[in-house]
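Below is one structure, written out as structure tokens; the observations come after it.
Read the figures in this text as sums done on the coordinates, not as results from a lab. The structure displayed is predicted, hence computed values, not measured ones. Cβ sites come from the backbone with ideal geometry, for glycine too, and all protein chains shown count toward neighbours.
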Amino acid sequence: MAGDEGEGTSLEFTPTWVVAAVCTVIVGVSLAVERLLHHVGKKLQKEGKKPLFEALQKVKEELMLLGFVSLLLSVCQARIIKICVNENTMEHFLPCSLNVKQDSTDPKSPTLRNLLEDKETSVGYCALKNKVPLLSYEALHHLHIFIFILAIVHLTFSVLTVVFGGMKISRWKHWETSIRENNFDPSKDLEPEFTHVRDHDFIKNRFLGLGKRSAILGWLHSFCKQFYGSVTKTDYAALRLGFITTHCRGNPKFNFHKYMVRALEDDFKKVVGISWYLWIFVIVFLLLNIYGWHTYFWIAFIPLILLFFVGTKLEHIIIQLAHEVAEKHVAIEGEVAVKPSDDHFWFRRPRIILLLIHFILFQNAFEIAFFFWILVQFGLDSCIMGKLRYMIPRLVIGVFIQVLCSYSTLPLYALVTQMGSHFKKSIFEERIQTSLTSWAQKAKRKKALNVTTNGSSQDGPDGGGGGGSSGVGNDGVELQSIHIINDPPQSTNR
């Protein structure tokens with residue numbers, strides 16, 4: 001069978017030392033990667049970084065999915081390559097034109113007619129029926145490699161983005177330390193300072209004094225601001241104070257920077273995965289990658305445009321917060337405190353920005369992965385790669401997106417996304433989150449037990465008391481994910 005399909009010598013006639021050597025290398029590499037991930041997970045657990053540990057679990061899930069895809073392709077490839085169709089069916093929607101001249105002496109790039117006439121390859125099975133295979137063994141192998149490269153590049157780029165973004169956010173730590181030290185300096189409380197609102201640095205930098213007629217200039221300023229000095233110390237101080245005033249009024253010593261980093265780590269585990277709708281995008285691209293359409297070139301602008309939209313929106317939210325303060329106050333005592341609200345976000349949902357960042361990172365990784373796949377499999381002169389004038393801009397755009405998203409957009413997201421109406425459960429330390437979740441579950445069980453015990457006796461003292469306590473418990477169950485943030489923040493000090 002192997003000889004008929006042109007796949008070379010079967011395992012029956014392969015030297016045992018070759019089989020043993022290849023298996024040793026494959027098993028050794030697999031075990032090394034597994035042990036590396038295991039030790040990284042242990043270290044993250046030891047340091048108490050549960051969100052990053054869960055992100056690592058996501059990576060393992062993606063690798064397991066890839067392993068299953070690999071196994072499925074390997075098991076089914078013998079059947080797939082024997083699905084035969086008429087030749088004219090395979091002459092449409094091609095990534096390369098059939099008129100492109102190829103070197104007939106190059107075994108790696110035979111034409112469709114060469115493959116049809118070669119009775120010794122897997123294509124020869126269909127050629128005997130005057131047909132062509134739906135997907136050849138070589139094409140199936142290329143597709144397999146593409147899916148693997150795509151997933152690996154996406155995971156790598158996601159990690160690099162969060163690492164580089166985290167490095168910039170970590171620089172804000174000295175802002176947090178400086179602000180907290182100044183706020184609790186006794187000499188600062190002797191004479192309260194009143195400042196005209198328009199003279200405050202945050203308002204001067206962000207309030208443009210623009211009316212509705214010139215709103216477009218505000219968006220233009222937001223667009224340009226994301227490329228330089230996207231976040232200043234006055235921005236950080238104003239948004240930090242607004243968050244604490246709204247959500248942690250009883251805890252003025254709250255470490256906003258530490259909470260922001262925990263929230264970003266919590267979001268990272270959502271970004272690192274490859275969701276089903278992202279795979280749909282891959283399928284749509286493969287469908288539209290038709291010769292002459294230059295889909296690979298034009299599609300590179302999608303993540304770039306989306307990144308500009310996201311960065312502009314995040315900067316504009318800061319401007320809106322500054323406008324609200326400037327319009328409501330003439331003078332302020334001390335520092336500026338903005339008012340967080342979901343109204344500033346698209347459809348009142350801050351999570352939409354996270355989904356867009358997820359898509360941007362994936363599509364950018366897809367562009368780079370596709371480039372390397374074509375480069376390795378077919379070379380720079382491949383018709384799929386296109387001409388040099390299409391190749392260079394794609395690489396430049398990919399690098400630009402990676403840098404801008406890492407050093408500007410992601411830090412902006414980490415700060416501005418906290419300006420919603422609610423804060424996240426990351427505000428609590430891990431042990432407090434566990435305690436609150438346990439308390440909410442116990443309260444819910446207690447309510448169910450009281451309802452079962454009391455039955456129709458709703459007027460009894462036990463029934464009334466049970467209902468009161470269970471109401472709090474039931475609220476806690478519903479609020480433990482995000483709305484628990486509306487509880488008095490003093491609970492963090494208990």
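Remarks
- Checked against a 31 Å cut-off, the cross-linked pairs 253/444; 82/387; 43/444; 46/424 give Cα-Cα distances beyond that limit for 253/444; 82/387; 43/444.
- Each residue, residue 13 and residue 381, gets one label point 7 Å from its Cα in the Cβ direction; the gap between the two is 3.5 nm.
- With a cut-off of 11 Å on the backbone N, the residues of segment 124-164 near the modelled label site 7 Å out from residue 83 along Cα-Cβ are 134-136.
- Under 5 Å, built H, 5+ apart or other chain: amide partners of residue 84: 134
- Separation in nanometres of the label points that stand 7 Å from Cα toward Cβ, at residue 328 and residue 160: 4.3 nm
- Local electrostatic count at residue 304 - Lys and Arg +1, Asp and Glu -1, tallied over other residues with Cβ under 13 Å: 0
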